[in-house]
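Data block below; observations after.
The values are calculated or read from the model by the stated rules, or taken from the named source; none is laboratory data. What you are looking at is a predicted structure, and each value in this text was computed from that prediction instead of being measured. Virtual Cβ from ideal backbone geometry, glycine too; neighbours counted across all protein chains shown. Heavy atoms of the whole protein, side chains included, go into the accessibility calculation; ligands, DNA and RNA do not. Shrake-Rupley method; radii C 1.70, N 1.55, O 1.52, S 1.80 Å.
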Amino acid sequence: LLARALGARDLVIGVGTLANLDGGSAGGWLRGGLAADATDLALTLAGGDHLPRGGRVLVSTIAAGGVVLGAGALVGSSQ
């Protein structure tokens, strides 16, 4: 259920971003994706040892990658 929910959220953010690239309004979608990934990362790290190690490492890695890529895309879209 969690994977489906996160997948659906990321799908909507991705489609919204792509649909707004030409109009120049993709920044809001990029910021939304960046905020979602940063929140996922922060909550996963805050969960610490209460979460299974494998899941914690996987989610942290994916979320951190999303933060880095999202920040890069946001900077690139403003130039």
Between [x] 22, 18, 10; [y] 18, 13, 11; [z] 26, 14, 8, the structure-derived semi-axes √(5λ) of the Cα gyration tensor in Å is [z]
For the chain, dividing by residue count, accessible area per residue (probe 1.4 Å) in Å² works out to 68 Å²
For the chain, the percent of accessible surface on carbon and sulfur atoms (probe 1.4 angstrom, ligands and nucleic acids excluded) is 69 percent
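Express the relative contact order of region 17-78 as a whole percentage, based on alpha carbon pairs under 8 Å and six or more residues apart in sequence. Each step should come with its number before you reach the end.
Details: 42 pairs, mean separation 24.5, N = 62.
Averaging sequence separation for qualifying contacts and normalising by length gives 39 percent for region 17-78.
Work through the residues other than G66 whose Cβ is under 9 Å from its Cβ and net out their charges, Lys, Arg +1 and Asp, Glu -1. It would help to have the intermediate numbers written out before the result.
Details: positive: none; negative: D10, D37, D40.
With Lys, Arg at +1 and Asp, Glu at -1, the neighbours total -3.
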